[in-house]
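For reference, the structure discussed in these notes is given below.
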Amino acid sequence: MADDSPHVPHAGHYALLALLPPAAGIFLWQAAGAAAHAQLGWATISAGLLAGVAATVVWARRVRTSVTATAAAAAIVADIAVNVFGDLVNGATPAHVVGFGGGYVAGQLLVSEVVLALWMHGNYRFEPGHRVSVWLLSGRTGDEPDYYQARCECAWTSERFPVADGDESEELAFEVARGHSPTVRADLAVQL
């Protein structure tokens, strides 16, 4: 679950805010240098840039920030590795690969800049989407009854509500789920 306590940006955040645009520029410059004379080179760079923006926007809205940061770092390392490996194996990485990869990473860095700036000013919450579902689960042993439990994508789980004849355990689980997030799946997920 996202922390609602006030955050205080520190020097590292400001340094990162200052370094992301030049880093994006370096990747675009590298891509432009490689793909400028290739047929449809600028289209390849633009496609990479749009793909990087789209992927990072989805990651920043749907998954935890640690996953987003890891994916962005992996893309940067992969782009550098492809360029180095291509240079070692055949003397040059194909221009379209360099163009698309550089555009992709630049798109990631630019979206990261916007997300970081919004977060630093308190206008962005990491992990904004808490989608909760209520599950009907079987007990761990034969003696333990089946139970309802609310589970969120953020890894939060509610207490267990054992199933009994005529009780309101399902309604209680949905009530607790709505207490965690207003976004609750209406139907019951079943795993018995």
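The values are calculated or read from the model by the stated rules, or taken from the named source; none is laboratory data. As the structure is a computational prediction, the values presented were derived from the model and not from experiment. Don't worry about glycine lacking a Cβ; one is built from the backbone with ideal geometry, like all the others, and counts go over all protein chains shown. Ligands, DNA and RNA are excluded from the accessible area calculation, which covers all protein heavy atoms including side chains. Shrake-Rupley method; radii C 1.70, N 1.55, O 1.52, S 1.80 Å.
Taking the listed residues GLU171, GLU144, the one that is farther than 30 Å from ALA81 by Cβ, open to solvent by 70 Å² or more (accessible area, probe 1.4 Å) and more than 24 Å from the chain's Cα centre (by Cα) is GLU171, with no other qualifying.
State all residues of region 103-136 that are among the small types (Gly, Ala, Ser) and modelled with pLDDT of 85 or more; if no residue qualifies, say none. I'd like the intermediate steps shown before the answer.
Initially, region 103-136 is screened for residues among the small types (Gly, Ala, Ser), giving 103, 106-107, 112, 117, 122, 129, 133.
Hits for region 103-136 are GLY103, ALA106, GLY107, SER133.
Collect the residues in region 133-159 that are among the basic types (Lys, Arg) and out of contact with any helix residue (DSSP H, G or I) (no Cβ under 9 Å at 6 or more places or on another chain), keeping them in residue-number order. Within region 133-159, ARG140 is the sole residue that qualifies.
Restricting to region 11-28, count the residues that are within 12 Å of GLY102 (Cβ to Cβ) and touching a residue at least 60 places away in the same chain (Cβ under 8 Å). Outline the logic, then answer.
We begin by selecting, within region 11-28, every residue within 12 Å of GLY102 (Cβ to Cβ); these are 23-28.
In the following step, the residues that additionally are touching a residue at least 60 places away in the same chain (Cβ under 8 Å) were identified as 23-25, 27-28.
Looking only at that region, the number is 5.
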